[in-house]
(Lines give C-alpha, C1' and ligand atoms only; values in the text may rest on other atoms or scores of the structure.)
Protein backbone atom coordinates (compact mmCIF):
# COMPACT_ATOMS: atom_id res chain seq x y z
CA UNK A 1 0.00 0.00 0.00
CA UNK A 2 1.26 3.51 -0.82
CA UNK A 3 1.12 5.78 2.18
CA UNK A 4 3.65 8.55 1.61
CA UNK A 5 4.88 10.83 -1.12
CA UNK A 6 8.20 8.99 -1.15
CA UNK A 7 6.40 5.68 -1.62
CA UNK A 8 4.55 7.08 -4.62
CA UNK A 9 7.67 8.65 -6.09
CA UNK A 10 9.54 5.36 -5.88
CA UNK A 11 6.73 3.35 -7.42
CA UNK A 12 6.17 5.97 -10.12
CA UNK A 13 9.84 5.68 -11.04
CA UNK A 14 9.57 1.91 -11.32
CA UNK A 15 6.38 2.12 -13.39
CA UNK A 16 7.82 4.74 -15.74
CA UNK A 17 11.00 2.69 -16.05
CA UNK A 18 8.92 -0.39 -16.86
CA UNK A 19 7.08 1.36 -19.71
CA UNK A 20 10.38 2.80 -20.98
CA UNK A 21 12.01 -0.69 -20.92
CA UNK A 22 14.75 0.59 -18.56
CA UNK A 23 14.36 -1.59 -15.44
CA UNK A 24 17.09 -3.97 -14.42
CA UNK A 25 16.27 -7.41 -12.99
CA UNK A 26 16.24 -6.21 -9.37
CA UNK A 27 13.94 -3.28 -10.12
CA UNK A 28 11.61 -5.47 -12.15
CA UNK A 29 11.44 -7.97 -9.27
CA UNK A 30 10.67 -5.12 -6.86
CA UNK A 31 7.83 -3.89 -9.06
CA UNK A 32 6.41 -7.40 -9.46
CA UNK A 33 6.49 -7.94 -5.70
CA UNK A 34 4.74 -4.63 -5.14
CA UNK A 35 2.05 -5.54 -7.69
CA UNK A 36 1.36 -8.83 -5.93
CA UNK A 37 1.05 -7.33 -2.46
CA UNK A 38 -2.41 -5.68 -2.74
CA UNK A 39 -5.26 -5.23 -5.21
CA UNK A 40 -4.95 -1.46 -4.75
CA UNK A 41 -1.42 -1.61 -6.10
CA UNK A 42 -2.57 -3.53 -9.15
CA UNK A 43 -5.34 -0.97 -9.75
CA UNK A 44 -2.87 1.91 -9.46
CA UNK A 45 -0.54 0.24 -11.97
CA UNK A 46 -3.32 -0.33 -14.50
CA UNK A 47 -4.50 3.27 -14.16
CA UNK A 48 -0.96 4.55 -14.66
CA UNK A 49 -0.62 2.33 -17.72
CA UNK A 50 -3.80 3.78 -19.22
CA UNK A 51 -2.53 7.31 -18.60
CA UNK A 52 0.83 6.49 -20.18
CA UNK A 53 -0.52 5.08 -23.41
CA UNK A 54 -3.44 7.47 -23.74
CA UNK A 55 -1.03 10.38 -23.37
CA UNK A 56 1.00 8.98 -26.25
CA UNK A 57 -1.96 8.29 -28.51
CA UNK A 58 -4.69 10.67 -27.41
CA UNK A 59 -5.00 12.06 -30.93
CA UNK A 60 -3.50 9.68 -33.46
CA UNK A 61 -5.18 11.50 -36.36
CA UNK A 62 -2.62 14.32 -36.21
CA UNK A 63 1.15 14.47 -36.00
CA UNK A 64 2.53 13.42 -32.63
CA UNK A 65 2.92 16.35 -30.22
CA UNK A 66 5.39 15.21 -27.54
CA UNK A 67 5.01 18.26 -25.30
CA UNK A 68 1.21 18.20 -25.37
CA UNK A 69 1.18 14.47 -24.70
CA UNK A 70 3.61 14.92 -21.81
CA UNK A 71 1.51 17.64 -20.21
CA UNK A 72 -1.59 15.49 -20.48
CA UNK A 73 0.25 12.54 -18.99
CA UNK A 74 1.76 14.62 -16.18
CA UNK A 75 -1.54 16.24 -15.19
CA UNK A 76 -3.28 12.85 -15.22
CA UNK A 77 -0.52 11.31 -13.13
CA UNK A 78 -0.72 14.12 -10.56
CA UNK A 79 -4.47 13.65 -10.29
CA UNK A 80 -3.99 9.92 -9.92
CA UNK A 81 -1.43 10.39 -7.15
CA UNK A 82 -3.59 12.93 -5.34
CA UNK A 83 -6.48 10.52 -5.43
CA UNK A 84 -4.28 7.85 -3.83
CA UNK A 85 -2.64 10.02 -1.15
CA UNK A 86 -4.48 13.37 -1.03
CA UNK A 87 -1.13 14.97 -1.64
CA UNK A 88 1.07 16.13 -4.54
CA UNK A 89 3.94 14.01 -5.92
CA UNK A 90 7.46 15.12 -5.07
CA UNK A 91 9.48 17.29 -7.44
CA UNK A 92 11.91 14.41 -8.00
CA UNK A 93 9.08 12.13 -9.15
CA UNK A 94 7.77 14.74 -11.56
CA UNK A 95 11.26 15.34 -12.93
CA UNK A 96 11.76 11.62 -13.45
CA UNK A 97 8.53 11.36 -15.39
CA UNK A 98 9.50 14.34 -17.52
CA UNK A 99 12.90 12.98 -18.50
CA UNK A 100 11.67 9.48 -19.21
CA UNK A 101 8.47 10.47 -20.95
CA UNK A 102 10.25 12.81 -23.37
CA UNK A 103 12.63 9.96 -24.21
CA UNK A 104 9.78 7.53 -24.82
CA UNK A 105 7.72 10.14 -26.64
CA UNK A 106 10.53 10.61 -29.14
CA UNK A 107 10.70 6.87 -29.75
CA UNK A 108 6.95 6.60 -30.20
CA UNK A 109 6.94 9.58 -32.53
CA UNK A 110 9.46 7.79 -34.73
CA UNK A 111 7.26 4.69 -34.73
CA UNK A 112 4.11 6.60 -35.63
CA UNK A 113 5.56 8.94 -38.27
CA UNK A 114 8.25 6.86 -39.94
CA UNK A 115 7.26 3.23 -39.41
CA UNK A 116 3.62 3.93 -40.09
CA UNK A 117 2.35 2.18 -36.98
CA UNK A 118 -1.05 3.15 -35.61
CA UNK A 119 -1.95 2.99 -31.91
CA UNK A 120 -5.49 3.01 -30.54
CA UNK A 121 -6.09 3.07 -26.79
CA UNK A 122 -9.31 3.73 -24.89
CA UNK A 123 -9.42 7.27 -23.52
CA UNK A 124 -12.14 6.87 -20.92
CA UNK A 125 -11.79 7.96 -17.31
CA UNK A 126 -9.16 6.26 -15.19
CA UNK A 127 -11.80 4.83 -12.96
CA UNK A 128 -13.69 3.29 -15.88
CA UNK A 129 -13.06 0.18 -17.86
CA UNK A 130 -9.67 -0.10 -19.52
CA UNK A 131 -9.79 -0.54 -23.27
CA UNK A 132 -7.55 -2.90 -25.21
CA UNK A 133 -4.39 -1.63 -26.90
CA UNK A 134 -4.49 -2.03 -30.68
CA UNK A 135 -1.41 -1.68 -32.89
CA UNK A 136 -1.57 -1.68 -36.69
CA UNK A 137 1.06 -1.75 -39.42
CA UNK A 138 -0.63 -0.20 -42.48
CA UNK A 139 -0.02 -1.33 -46.06
CA UNK A 140 3.38 -0.27 -47.32
CA UNK A 141 5.05 -0.48 -43.91
CA UNK A 142 6.20 -2.76 -41.14
CA UNK A 143 6.83 -1.88 -37.52
CA UNK A 144 8.98 -2.94 -34.61
CA UNK A 145 7.66 -2.65 -31.07
CA UNK A 146 8.14 -3.98 -27.54
CA UNK A 147 5.29 -5.29 -25.42
CA UNK A 148 5.17 -4.25 -21.73
CA UNK A 149 6.96 -7.50 -20.70
CA UNK A 150 9.90 -6.75 -23.02
CA UNK A 151 8.85 -9.12 -25.80
CA UNK A 152 10.05 -7.94 -29.21
CA UNK A 153 7.42 -7.93 -31.95
CA UNK A 154 7.68 -7.11 -35.63
CA UNK A 155 4.36 -6.58 -37.45
CA UNK A 156 4.29 -7.03 -41.21
CA UNK A 157 2.31 -4.78 -43.54
CA UNK A 158 -1.46 -5.03 -43.16
CA UNK A 159 -1.23 -6.66 -39.72
CA UNK A 160 -2.91 -5.89 -36.40
CA UNK A 161 -1.98 -6.82 -32.83
CA UNK A 162 -4.33 -6.42 -29.85
CA UNK A 163 -3.64 -6.91 -26.15
CA UNK A 164 -5.33 -5.93 -22.91
CA UNK A 165 -3.94 -3.31 -20.56
CA UNK A 166 -3.53 -6.09 -17.99
CA UNK A 167 -0.92 -7.69 -20.23
CA UNK A 168 2.06 -8.80 -18.19
CA UNK A 169 0.13 -8.60 -14.91
CA UNK A 170 -2.75 -11.05 -15.23
CA UNK A 171 -1.87 -12.64 -18.57
CA UNK A 172 0.34 -12.46 -21.63
CA UNK A 173 -2.31 -13.02 -24.29
CA UNK A 174 -2.42 -11.19 -27.61
CA UNK A 175 -4.58 -11.39 -30.72
CA UNK A 176 -2.89 -11.34 -34.13
CA UNK A 177 -4.35 -10.59 -37.54
CA UNK A 178 -1.77 -10.89 -40.30
CA UNK A 179 1.90 -11.68 -39.72
CA UNK A 180 4.15 -11.15 -36.72
CA UNK A 181 7.64 -12.16 -35.67
CA UNK A 182 8.12 -12.65 -31.92
CA UNK A 183 11.08 -12.87 -29.56
CA UNK A 184 9.28 -13.72 -26.33
CA UNK A 185 10.70 -12.74 -22.95
CA UNK A 186 10.88 -15.81 -20.71
CA UNK A 187 8.48 -15.95 -17.79
CA UNK A 188 7.82 -19.43 -16.41
CA UNK A 189 5.01 -18.14 -14.20
CA UNK A 190 3.12 -16.46 -17.04
CA UNK A 191 2.87 -18.19 -20.42
CA UNK A 192 2.66 -16.21 -23.66
CA UNK A 193 -0.27 -16.93 -26.02
CA UNK A 194 -0.78 -15.65 -29.55
CA UNK A 195 -4.34 -16.18 -30.75
CA UNK A 196 -5.79 -16.03 -34.25
CA UNK A 197 -9.15 -17.24 -35.53
CA UNK A 198 -7.79 -20.64 -36.50
CA UNK A 199 -4.81 -21.31 -34.25
CA UNK A 200 -3.22 -20.46 -30.91
CA UNK A 201 0.50 -20.60 -30.13
CA UNK A 202 1.43 -21.22 -26.48
CA UNK A 203 5.02 -20.46 -25.38
CA UNK A 204 7.17 -19.64 -22.37
CA UNK A 205 10.09 -18.03 -24.19
CA UNK A 206 11.08 -18.46 -27.84
CA UNK A 207 11.50 -16.96 -31.32
CA UNK A 208 8.92 -17.71 -33.98
CA UNK A 209 7.03 -16.31 -36.97
CA UNK A 210 3.22 -16.50 -37.11
CA UNK A 211 1.41 -15.73 -40.36
CA UNK A 212 -2.39 -15.74 -40.64
CA UNK A 213 -3.89 -13.16 -43.01
CA UNK A 214 -7.66 -13.38 -43.36
CA UNK A 215 -7.44 -13.27 -47.19
CA UNK A 216 -5.06 -16.23 -47.45
CA UNK A 217 -6.11 -19.89 -47.52
CA UNK A 218 -3.25 -21.05 -45.29
CA UNK A 219 -1.84 -20.03 -41.91
CA UNK A 220 1.66 -20.94 -40.75
CA UNK A 221 3.81 -21.01 -37.64
CA UNK A 222 7.57 -21.31 -38.06
CA UNK A 223 9.76 -21.96 -35.02
CA UNK A 224 13.25 -20.47 -34.99
CA UNK A 225 14.30 -21.08 -31.39
CA UNK A 226 12.85 -22.74 -28.27
CA UNK A 227 9.62 -24.74 -28.23
CA UNK A 228 5.97 -23.92 -28.84
CA UNK A 229 2.67 -25.71 -28.55
CA UNK A 230 0.33 -25.16 -31.45
CA UNK A 231 -3.40 -25.64 -30.92
CA UNK A 232 -6.06 -25.94 -33.60
CA UNK A 233 -8.96 -23.85 -32.30
CA UNK A 234 -11.44 -26.14 -34.08
CA UNK A 235 -10.22 -29.29 -32.31
CA UNK A 236 -9.42 -30.40 -28.79
CA UNK A 237 -6.64 -32.86 -29.51
CA UNK A 238 -3.83 -31.63 -27.27
CA UNK A 239 -2.14 -29.68 -30.04
CA UNK A 240 1.22 -30.05 -31.75
CA UNK A 241 4.69 -29.44 -30.32
CA UNK A 242 7.10 -27.73 -32.72
CA UNK A 243 10.89 -27.96 -32.54
CA UNK A 244 13.30 -25.44 -34.12
CA UNK A 245 13.30 -25.43 -37.93
CA UNK A 246 9.81 -26.88 -38.09
CA UNK A 247 6.87 -25.17 -39.76
CA UNK A 248 3.20 -25.95 -39.21
CA UNK A 249 0.85 -25.11 -42.08
CA UNK A 250 -2.89 -24.96 -41.45
CA UNK A 251 -5.14 -25.42 -44.49
CA UNK A 252 -8.23 -23.28 -43.83
CA UNK A 253 -10.33 -25.31 -46.27
CA UNK A 254 -9.54 -28.85 -45.15
CA UNK A 255 -8.77 -27.81 -41.53
CA UNK A 256 -5.68 -30.05 -41.64
CA UNK A 257 -2.25 -29.21 -40.21
CA UNK A 258 1.00 -30.45 -41.76
CA UNK A 259 4.44 -30.21 -40.16
CA UNK A 260 7.48 -29.62 -42.40
CA UNK A 261 11.20 -29.19 -41.82
CA UNK A 262 12.40 -25.81 -43.10
CA UNK A 263 15.18 -23.29 -42.68
CA UNK A 264 13.23 -21.29 -40.13
CA UNK A 265 15.29 -18.10 -40.24
CA UNK A 266 13.97 -17.43 -43.75
CA UNK A 267 10.50 -16.90 -42.26
CA UNK A 268 11.62 -13.68 -40.57
CA UNK A 269 13.51 -12.23 -43.56
CA UNK A 270 10.69 -9.71 -44.00
CA UNK A 271 11.75 -7.98 -40.76
CA UNK A 272 14.99 -7.05 -42.59
CA UNK A 273 13.12 -5.69 -45.60
CA UNK A 274 13.62 -8.85 -47.69
CA UNK A 275 10.90 -10.36 -49.90
CA UNK A 276 11.22 -14.05 -50.69
CA UNK A 277 8.98 -16.20 -52.89
CA UNK A 278 9.73 -19.91 -52.97
CA UNK A 279 7.42 -21.64 -55.47
CA UNK A 280 4.63 -19.31 -54.34
CA UNK A 281 1.31 -19.01 -56.20
CA UNK A 282 0.87 -15.76 -58.11
CA UNK A 283 -2.38 -15.03 -56.25
CA UNK A 284 -0.52 -15.07 -52.92
CA UNK A 285 2.35 -13.04 -54.38
CA UNK A 286 -0.08 -10.39 -55.60
CA UNK A 287 -1.65 -10.02 -52.14
CA UNK A 288 1.80 -9.80 -50.54
CA UNK A 289 2.93 -7.10 -52.96
CA UNK A 290 -0.28 -5.15 -52.33
CA UNK A 291 0.48 -5.06 -48.60
CA UNK A 292 4.18 -4.30 -48.97
CA UNK A 293 3.96 -1.59 -51.65
CA UNK A 294 0.44 -0.25 -50.92
CA UNK A 295 -0.82 -0.93 -54.46
CA UNK A 296 -3.90 -2.65 -55.93
CA UNK A 297 -3.21 -5.68 -58.12
CA UNK A 298 -5.82 -7.43 -60.25
CA UNK A 299 -5.21 -10.67 -62.17
CA UNK A 300 -7.13 -10.54 -65.45
CA UNK A 301 -6.69 -14.23 -66.38
CA UNK A 302 -7.73 -16.86 -63.81
CA UNK A 303 -5.27 -19.34 -65.28
CA UNK A 304 -2.46 -17.21 -63.81
CA UNK A 305 -3.66 -17.80 -60.25
CA UNK A 306 -1.97 -21.19 -59.96
CA UNK A 307 1.32 -20.18 -61.59
CA UNK A 308 4.21 -20.41 -59.12
CA UNK A 309 7.26 -18.17 -58.97
CA UNK A 310 10.62 -17.92 -57.22
CA UNK A 311 12.27 -14.64 -56.31
CA UNK A 312 14.23 -12.66 -53.72
CA UNK A 313 13.98 -8.89 -53.44
CA UNK A 314 14.87 -6.05 -51.07
CA UNK A 315 11.90 -3.74 -50.59
CA UNK A 316 13.96 -0.69 -49.63
CA UNK A 317 16.12 -1.02 -52.77
CA UNK A 318 13.70 -2.44 -55.34
CA UNK A 319 10.45 -0.77 -56.37
CA UNK A 320 7.21 -2.51 -57.26
CA UNK A 321 8.16 -1.98 -60.91
CA UNK A 322 11.44 -3.86 -60.34
CA UNK A 323 9.55 -6.82 -58.89
CA UNK A 324 6.96 -6.82 -61.68
CA UNK A 325 9.69 -6.68 -64.33
CA UNK A 326 11.32 -9.78 -62.86
CA UNK A 327 7.99 -11.64 -62.86
CA UNK A 328 7.35 -10.53 -66.44
CA UNK A 329 10.83 -11.70 -67.51
CA UNK A 330 9.61 -15.30 -67.10
CA UNK A 331 7.46 -14.72 -70.23
CA UNK A 332 4.43 -16.09 -68.39
CA UNK A 333 2.74 -12.74 -67.82
CA UNK A 334 2.71 -9.05 -68.65
CA UNK A 335 1.53 -6.11 -66.60
CA UNK A 336 0.00 -2.67 -66.98
CA UNK A 337 0.35 0.03 -64.33
CA UNK A 338 -1.55 3.27 -63.86
CA UNK A 339 -0.46 4.89 -60.60
CA UNK A 340 -1.25 2.43 -57.82
CA UNK A 341 -3.48 0.27 -60.04
CA UNK A 342 -1.74 -2.78 -61.58
CA UNK A 343 -3.21 -5.44 -63.87
CA UNK A 344 -1.50 -8.79 -64.57
CA UNK A 345 -2.34 -10.63 -67.80
CA UNK A 346 -1.41 -13.96 -69.35
CA UNK A 347 1.28 -13.46 -71.93
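So the values come out like this:
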read-out	value
Residue match in the stretch 303-320 (condition: touching a strand residue (DSSP E or B) at 6+ places or on another chain (Cβ under 8 Å), assigned to a helix (DSSP H, G or I) and farther than 13 Å from residue 281 by Cα)	yes
Residue within the stretch 162-170 that is over 18 Å from residue 221 (Cα atoms), without any contact (Cβ under 8 Å) to a residue 40 or more places away in the chain and touching a strand residue (DSSP E or B) at 6+ places or on another chain (Cβ under 6 Å) present	yes
Residue match in the stretch 266-278 (condition: crowded, with 16+ Cβ neighbours inside 10 Å, in contact with a helix residue (DSSP H, G or I) (Cβ under 8 Å, 6 or more places away or on another chain) and modelled with pLDDT under 90)	yes
Among residues of the stretch 218-228, those that are over 16 Å from residue 176 (Cα atoms) and surrounded by fewer than 24 Cβ atoms within 10 Å (Cβ to Cβ), counted	4
Residue 322 being free of Cβ contacts under 8 Å to residues at least 24 places away in the same chain and closer than 15 Å to residue 343 by Cβ	no
Among residues of the stretch 219-251, those that are at pLDDT below 90 and under 19 Å from residue 284 (Cα atoms), counted	0
Meets criteria (without any contact (Cβ under 8 Å) to a residue 24 or more places away in the chain, part of a loop (DSSP other than H, G, I, E, B), out of contact with any helix residue (DSSP H, G or I) (no Cβ under 9 Å at 6 or more places or on another chain) and closer than 23 Å to residue 284 by Cβ) for residue 255	yes
Residue, surrounded by the fewest Cβ atoms within 10 Å (Cβ to Cβ), within the stretch 289-312, restricted to residues that are modelled with pLDDT of 90 or more and within 14 Å of residue 270 (Cβ to Cβ)	293
Hey, residue 224 part of a strand (DSSP E or B), assigned by TED's automatic domain parsing to the domain that holds residue 155, under 23 Å from residue 291 (Cβ atoms) and touching a helix residue (DSSP H, G or I) at 6+ places or on another chain (Cβ under 7 Å) or not	yes
Boolean, residue 143 is more than 17 Å from residue 271 (Cα to Cα) and without any contact (Cβ under 8 Å) to a residue 60 or more places away in the chain	no
Selection within the stretch 23-44 - surrounded by 14 or more Cβ atoms within 10 Å (Cβ to Cβ) and modelled with pLDDT under 75	23
Selection within the stretch 152-184 - modelled with pLDDT of 90 or more and part of a loop (DSSP other than H, G, I, E, B)	156, 157, 158, 172, 184
Scan of the stretch 180-208 for residues that are farther than 14 Å from residue 250 by Cβ, crowded, with 22+ Cβ neighbours inside 10 Å and free of Cβ contacts under 8 Å to residues at least 60 places away in the same chain, ordered by number	180, 182, 184, 192, 203, 208
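The values are calculated or read from the model by the stated rules, or taken from the named source; none is laboratory data. Everything numeric in this text was worked out from a predicted model, so none of it was measured. Here the Cβ is made from the backbone with ideal geometry for all residues, glycine too, and neighbour counts use every protein chain on show.
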